[in-house]
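Take a look at the structure set out below.
The values are calculated or read from the model by the stated rules, or taken from the named source; none is laboratory data. If you're wondering where the values come from, they're calculated on a predicted model, not measured in any experiment. Note that each Cβ is placed from the backbone with ideal geometry, even for glycine, and that neighbours are counted across all protein chains shown. For the accessible areas, the whole protein counts, side chains as well, though only heavy atoms, and no ligand, DNA or RNA atoms are used. Shrake-Rupley method; radii C 1.70, N 1.55, O 1.52, S 1.80 Å.
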Amino acid sequence: MTKVDVLPLEHEDFRDLYAGHQVRVLRLCRLMLTDADEAEEVAQEVFLKAFRFYRSGRRPDAWDKWLVTVAVNACRDRLRSSWWKRWRGRTEPFDEFRDGERIHHSAEDAASQRETQRMLWKVFGRLSARQREIFALRHFEGWSTEEVALHLGLSQGSVKQHLFRAVRELRKGIGKAL
């Protein structure tokens, strides 16, 4: 049972909001923090803030953008904390890239795919926090370059530059994995 399951019936709309966005928020936090436990904790904080905002009677124009903004800011706060800096080198395999179970033709194909994912995740974890943030917003959230720039308070050129560097590093990682 999740914490949202115990909400009174008058908060049914919030349950739907949580159910509709929980996976996205958790994935975004996971991408930015590279640590599953920390990402889950931050995602819970995001939905706690969302619930408090919801209970206040206020509503954003678009919950999806509001939740992403709160998630990005919460991840940034976590990354800036002194506690986090001591544990920064820790990364874990990231299975959330999969869109579902894939059919493998052989055990060798499955092992090769797992190794490639492990290598990519390792490379992704070495990107700067800004590059991970921009890559996640652009490619996983589907935001335009202009939206990312506006949201992060950067120029579009800066967003493109960070994105270019992130993609270049990921491509190098793919090259090494193949």
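Residue-wise test of (1) modelled with pLDDT under 90; (2) among the hydrophobic types (A, V, I, L, M, F, W, C); (3) closer than 30 Å to ARG126 by Cβ.
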{"site": "VAL25", "(1), (2), (3)": "no, yes, yes"}
{"site": "LEU28", "(1), (2), (3)": "no, yes, yes"}
{"site": "ASP35", "(1), (2), (3)": "yes, no, yes"}
{"site": "GLU40", "(1), (2), (3)": "no, no, yes"}
{"site": "LEU48", "(1), (2), (3)": "no, yes, no"}
{"site": "PHE51", "(1), (2), (3)": "no, yes, no"}
{"site": "PRO60", "(1), (2), (3)": "yes, no, no"}
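Quick one: in the range 137-149, of everything that is part of a helix (DSSP H, G or I) and modelled with pLDDT under 90, which residue is most open to solvent (accessible area, probe 1.4 Å)?
In the first step, residues of the range 137-149 are kept if they are part of a helix (DSSP H, G or I); the result is 137-140, 145-149.
Right, trim to modelled with pLDDT under 90 and you get 139-140.
Working: HIS139: 102, PHE140: 61 Å².
Once the filter is applied, the top-ranked residue is HIS139.
Inside the range 38-50, can you point out the residues that are touching a residue at least 40 places away in the same chain (Cβ under 8 Å) and open to solvent by 30 Å² or more (accessible area, probe 1.4 Å)?
GLN44
Out of PHE124, PHE164, report the one residue that is open to solvent by 60 Å² or more (accessible area, probe 1.4 Å) and hydrophobic (A, V, I, L, M, F, W, C).
Being open to solvent by 60 Å² or more (accessible area, probe 1.4 Å) and hydrophobic (A, V, I, L, M, F, W, C) holds for just one of PHE124, PHE164, which is PHE164.
Going by the structure shown, is ARG24 outside the structural domain of LEU152 (by TED's automatic domain parsing), charged (D, E, K, R) and open to solvent by 40 Å² or more (accessible area, probe 1.4 Å)?
yes
Looking at (1) modelled with pLDDT under 65; (2) touching a helix residue (DSSP H, G or I) at 6+ places or on another chain (Cβ under 6 Å); (3) not charged (D, E, K, R), find the lone condition where ALA71 falls short.
(1)
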